[in-house]
1. Compute, for residue 23, the solvent-accessible surface of its heavy atoms (probe 1.4 Å) with the complete set of protein chains present, and express it in square angstrom to the nearest 10.
2. For the pair residue 155/residue 85, report the inter-label distance in nm, with labels modelled 7 Å from Cα in the Cβ direction.
3. Largest first, what is the accessible-area ranking of 144, 87 with a 1.4 Å probe?
4. Could you tally the net charge around residue 28, taking each other residue with its Cβ under 13 Å from the Cβ of residue 28, Lys/Arg +1 and Asp/Glu -1?
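The values are calculated or read from the model by the stated rules, or taken from the named source; none is laboratory data. Worth saying up front: this structure is predicted, and the values here are computed from it rather than measured. When we count neighbours, we look across all protein chains shown, and the Cβ atoms used for this are built from the backbone with ideal geometry, even at glycine. Protein only, heavy atoms only, side chains kept; ligands, DNA and RNA dropped before computing areas. Shrake-Rupley method; radii C 1.70, N 1.55, O 1.52, S 1.80 Å.
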Amino acid sequence: MGSGTVGTGDDRSGPLVRDLVRSVVADLAPDELPLVEGLCRFDDATVVRRLSRRGGRHKPLGFGFAEVAALVTPVVWLVLDGVAQRTAESTATRISEGVTAMMRRLVPRRRPVPAAGVPPLTREQLAAVRALVLAASEQRGLETAQAEAIADAVVARLVLADELEAPAVPEPEPPAEPDAPGPATGQD
C-alpha cells in the first residue's frame, strides 16, 4: 500500500490503522497528510508513543504539543490504535503472540513488528469507537462539529473496510438450458 508499513499484513485481521488514518485525514484535514506520511515511517508503537506524549522537554514531532493538540491525526490514530490493541488482546491469538514474544526474547532477532489492524467490529463496538473519537477530540480541544465529522468519518471507514474485506458471495449460476437440437447437417 505504499505506506511504509512494517509487516506483511498476514498478522492482522483487518485494515491497517495507518491506512484508515490516512483515509480519514485525506478527507477531513488534507493539510495533515505530510504529518501522516512522516509518521508512517515509524512502527505503530513509536507513533503512538510520540502522539501521546504531553508536555515535558520532548517535542513529539519536532514541534510543541499545542500544535499537535489541534490536529485530526493524533485523535484518529490514537483511538484506532487503542481499538486494534484491545480487540487483538481479546482474541485467542494473543496467547500465541505471547509465546512468540517470549521466544523472541530467548532467541534475539530483529524482526519487524507487524502493523496494527482493526478487525471487523459489531454495531456496539462501532458506537464505542465513535464515542472514543468524540471524547478524544474534546480532550484535544476540537470543536463539537469537527469532532462529530471525525467520528463519523472513522466509523464510515471501518464499516466500508469491513464490507470490502468480506468474502464475496458468488451469484448462483442460471439453470442450464435444456439441450437444444444442434444445427441440421442435412445428412439423414
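1. Spelled out: residue 23, probe radius 1.4 Å, area about 40 Å².
2. Roughly 2.4 nm, to one decimal.
3. Details: 144 100, 87 20 Å².
Greatest to least solvent exposure: 144, 87.
4. Values: positive: 22, 157; negative: 27, 31, 32, 143, 148, 152.
So the environment of residue 28 carries a net charge of -4.
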